[in-house]
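Input: a single structure, listed below in structure tokens.
Throughout, read-outs are computed from the coordinates displayed, never taken from laboratory work. From a predicted model like this one, the values you see are computed outputs, not experimental measurements. Positions of Cβ are generated from backbone atoms using ideal geometry, with glycine treated the same way; all protein chains shown enter the neighbour counts.
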Protein chains: 2
Amino acid sequence: MSNSPDRRTTMKFMLATTSVGLGGMAAQAQSDLLPSWNEGATKQAIMSFVARVTAHGSRDFVPVDQRIATFDNDGTLWVEQPMYVQLAFILDRVRALASQNPDWRSKQPFQAVLDGDMKALAASGEKGLVELMAVTHAGMTTEEFLKIVSDWLTTARDPRFKRPYVELVYQPMIELLAYMRASGFKSFIVSGGGIEFMRPWAERVYGIPPEQVVGSSIKTRFEMRDGTPTLFRLPEINFIDDKAGKPVGINEHIGRRPVAAFGNSDGDLEMLQWTTLGGGPRFGLIVHHTDAEREYLYDRQTHVGRLDKALDAATLNEWTVVDMKNDWKRVFAFQ
Amino acid sequence: MSNSPDRRTTMKFMLATTSVGLGGMAAQAQSDLLPSWNEGATKQAIMSFVARVTAHGSRDFVPVDQRIATFDNDGTLWVEQPMYVQLAFILDRVRALASQNPDWRSKQPFQAVLDGDMKALAASGEKGLVELMAVTHAGMTTEEFLKIVSDWLTTARDPRFKRPYVELVYQPMIELLAYMRASGFKSFIVSGGGIEFMRPWAERVYGIPPEQVVGSSIKTRFEMRDGTPTLFRLPEINFIDDKAGKPVGINEHIGRRPVAAFGNSDGDLEMLQWTTLGGGPRFGLIVHHTDAEREYLYDRQTHVGRLDKALDAATLNEWTVVDMKNDWKRVFAFQ
């Protein structure tokens, strides 16, 4: 393969002139990478940030190895209403395991799940949820859990859209992930959801490999079983990657500060603060669910994905707020 | 830039024939990437494994995204005798902070450090070490700690070699890291040492970015201080990434199983088991310190970096054992 020094120098020069001199043109061409975004201030804010940090010679240039972006998952990359997908998984698992656990019929919070009594379930509170987590997420090896999640995702359907959950990812955000990747960003999911609930499908659906998924976790224990090494999942919380836990999770997993962060709720407030208030060129974005027709309409009053403090902080800190109804040409790929 | 489909097809074809048809020749050429390794069975085992998993069409071919390798740090990538470098840091920090803490003169384990009484220090046990960790590793922000570590590394000198610790990295392993990287591997450090003690210099010295460093950690707390987001380091253990903790840390951070693992002590046993006993082409390697003259000679009888069970396991599981004295042309770059 001929790749002489001369040729390489020429290419380097061409690349350099393209990104500085022809920055505007490059941005124009790249707009095709976000076809599901309507033209307007939101799309412009995203593209202008990416152009500024990627243009050699720009005052705001960020070297490739520092282009770290973090994305919340529930409500930012895929649907979180009427309940978190992971909660739907938990309820389905309890139903599936009920025949092996006859005592659940008369024992809370299991009885509430089996009766479809959401009020009683809510009344069981965090304690109830931890009990449900324990029987659905622990007591098996990591490999067994991966298979359970993968199998469930192929059969489970969202009640409103009647589709597999992995189809309920936001097409504009899928394009944004690809656009960031093409611009040299390494993107991480940073979610309150379970790290091992997301990893089995995040690479296929989002293009995000397992090592770039940060999430909540339970403890595991290494065991040699008949000469075979296993990691056994224990019914004990290890880490909650939500709210003030997100910067902690980011620091623990990534070890450097993101330059861009994307969220949709108060659970993302601290991640957005940690990312954008560190000096230098930074970008914060919040997906505002304003579209009852194509998706959902909610912010300050909801329990799931409440957007209240973070919406005020967005104004204060000049984060970009996506108006789903007006900024997105379509929400899902199938629409 | 011309990069026509025709040209791309030709290049693809050339690449394919090179890796399959000319596999032997390619391996030959690559041997130059390990110039500090003597020719012999050890070097051959490394190169033959890499050739097998990277050659398209090979029965043992591993796709690039699954080429995960994990490296222990202390005793595998750099010197761990006569004490872990991080312990030298702790002792230096206690001395530096002593004037602000006059009570340490008569209070263990601090008194032992200030008197240079290693016997009394050892007697203070794990409890003493945790106390020393608390005052040297906690009570500041992550950014402050990063600066403290970086500053210390520029001034501290190893007592025997009279050089900065970052020069006491094993040149053959630096070459191996580069060789693995050139072969499409993503390499992670998986160390019992502190994750934030390694990150400030791992990229510069090893070419391993912060997000590919896994280690022990203390807890941190997110705080807004006068409008500035900070992560404050708390005097509380979060995770010990050693022994059976290594597979746990690997699963938490990487989320998939390595295909190659490199260690030097019983602390790496479970990581090597987890990596190599999972089916498919796998590679395990142990650095055996057999060179009293150029480095150190130790295995079953030492406290620091004891290699006992893992040496037996190496025979049992056919892991490659590096005989430092005979397999390495040189140990350090300066030799």
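Which value results for Rg/Rh of the stretch A:117-235 when Rg is the Cα radius of gyration and Rh the Kirkwood radius based on the inverse mean 1/r? Write out the running numbers ahead of the final one.
Values: Rg = 16.8 Å, Rh = 16.5 Å.
A ratio of 1.02.
Could you compute the longest span of chain A free of trypsin sites (Lys or Arg not before Pro) located in DSSP loops and having at most 10 other Cβ atoms within 10 Å, not counting the site residues?
Counting at most 10 other Cβ atoms within 10 Å as exposed, the longest clean stretch of chain A is A:163-335.
Between copies, how close do the A:Q301 label points come, placed 7 Å along Cα→Cβ, listed in nm from shortest?
Here the equivalent label points are 7.8 nm apart from this one.
Among A:D103, A:D299, A:D308, which one moves the most in a GNM of chain A with springs linking Cα atoms closer than 10 Å?
A:D103
Can you give the mean number of other chain Cβ atoms that lie within 10 Å of the Cβ atoms in peptide B:203-215?
Partner-chain Cβ atoms within 10 Å, mean over residues of B:203-215: 3.
Shielding by partners for B:270-282, please: the mean number of other protein chain Cβ atoms within 10 Å of each residue's Cβ.
2
Counting other Cβ atoms within 10 Å, which GluC sites (Glu not before Pro) in the stretch A:130-162 have at most 15 and lie in a DSSP loop?
Passing sites in the stretch A:130-162 do not exist.
Along the three principal axes, how long is chain A when you take its alpha carbons, biggest first, rounded to the nearest angstrom?
Taking max minus min along each principal axis of the Cα atoms, chain A gives 74, 52, 36 Å.
Let a ≥ b ≥ c be the square roots of the eigenvalues of the Cα gyration tensor of the stretch B:202-271; is it rounded (a/c under 1.5), or, if not, prolate (a/b larger than b/c) or oblate?
prolate
Take the alpha-carbon centre of the stretch A:149-226, take the same for the stretch A:39-96, and report the distance between them in whole Å.
Cα centroid to Cα centroid, the span is 12 Å.
Which value at 222 nm does chain B reach when only helices count, each DSSP H run of 4 or more adding -39,500 (n - 2.57), with the total divided by all residues and rounded to the nearest 500 deg cm²/dmol?
-13000 deg cm²/dmol
Whose Cβ in chain A comes nearest the axis that rotates A onto B, and by how many Å?
Of all Cβ atoms in A, the one closest to the rotation axis yields A:H253, 3.
For the stretch A:261-326, which GluC sites (Glu not before Pro) are both in a DSSP coil and crowded by at most 14 other Cβ atoms within 10 Å?
Values: sites: A:E270, A:E293, A:E295, A:E318; in loops: A:E293, A:E295, A:E318.
Passing both the DSSP loop test and the Cβ count: A:E293, A:E318.
Taking springs between alpha-carbon atoms closer than 10 angstrom, which of B:A178, B:A156, B:A122 fluctuates most in the Gaussian network model of chain B?
Result: B:A122 has the largest fluctuation of those listed.
Setting aside same-chain residues fewer than 8 positions from B:K43, which lysines have a Cα under 22 Å from its Cα?
Those lysines meeting the cut-off are B:K186, B:K325, B:K329.
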